[in-house]
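What follows is a single structure, written as structure tokens, with notes after it.
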Amino acid sequence: MSRIPICFVVLSCAACILLVGCSSPDLATQKEISDLKTRVALLEKDMAEIKAQSAEADSAEQTKICQINMQTIANEMQAYKVRTRAATYPAIADISKEIGPGKILEDLDKAPECPESPNNIYSVQPTSDGGFRVICTDPKHGKWDDGQLYPSR
Ligand SMILES: [Zn+2]
């Protein structure tokens, strides 16, 4: 017998076993299928957990970057007050309108952008004690208030 017919016989047998196995799985095969299904379910559960953890990490990272932006804005506000000798801090509804030469935040070339969404804007609110706070549209990102960053507002 040459190699090719042997291969053919082996493949045919394998195909028969597969066909028989598929048409009427015996108990051992059914158990294997059931075990595999259990393993797939466990893997899916692991994946869901990993995704949730990763989303949580992303969210924490975004809050951190957003707070660094608030700190940058606060530094520029203080620079503005020193530069202009203004008596009080001005209110700014959207700091992206106060970037560049002649504006309040003139040292910034570009408005800091919240990493969570370009639709989030930063604003500055003077406080009654003569200070100010910097906030992002997203309250979950906290605030900068009179020299300190807060995780929530
Ligand atoms: Zn933000």
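The values are calculated or read from the model by the stated rules, or taken from the named source; none is laboratory data. Keep in mind that this is a model prediction, so the values were computed, not measured. Positions of Cβ are backbone-derived with ideal geometry, glycine not excepted, and every protein chain shown enters the neighbour counts.
Here are some notes:
- Yes/no for Ala91 being farther than 23 Å from Lys64 by Cβ and of a type in the set (A, V, I, L, M, F, W, C): yes
- Picking from residues in region 134-151 that are charged (D, E, K, R) and within 14 Å of the ligand (Cβ to nearest atom), the one that is farthest from the chain's Cα centre (by Cα) is Lys143.
- Residue within region 49-65 that is in contact with a Phe, Trp or Tyr (Cβ under 8 Å, 6 or more places away or on another chain) and modelled with pLDDT of 95 or more present: no
- Qualifying residue in region 71-89 (condition: under 27 Å from Lys143 (Cβ atoms), touching a strand residue (DSSP E or B) at 6+ places or on another chain (Cβ under 9 Å) and part of a loop (DSSP other than H, G, I, E, B)): yes
- Filtered residue count, region 116-148, keeping only those that are crowded, with 18+ Cβ neighbours inside 10 Å and out of contact with any strand residue (DSSP E or B) (no Cβ under 7 Å at 6 or more places or on another chain): 3
- Checked against (1) within 12 Å of the ligand (Cβ to nearest atom); (2) β-branched (Val, Ile, Thr); (3) surrounded by 17 or more Cβ atoms within 10 Å (Cβ to Cβ), Ile104 passes all but condition (1).
- Some residue of region 56-65 being within 16 Å of the ligand (Cβ to nearest atom), loosely packed, with under 12 Cβ neighbours inside 10 Å and not charged (D, E, K, R): yes
- Residue match in region 82-104 (condition: at pLDDT 90 or above, among the acidic types (Asp, Glu) and touching a Leu at 6+ places or on another chain (Cβ under 7 Å)): yes
- Every residue from region 107-152 that is under 13 Å from Thr72 (Cα atoms), free of Cβ contacts under 8 Å to residues at least 12 places away in the same chain and part of a loop (DSSP other than H, G, I, E, B): Asp109, Lys110
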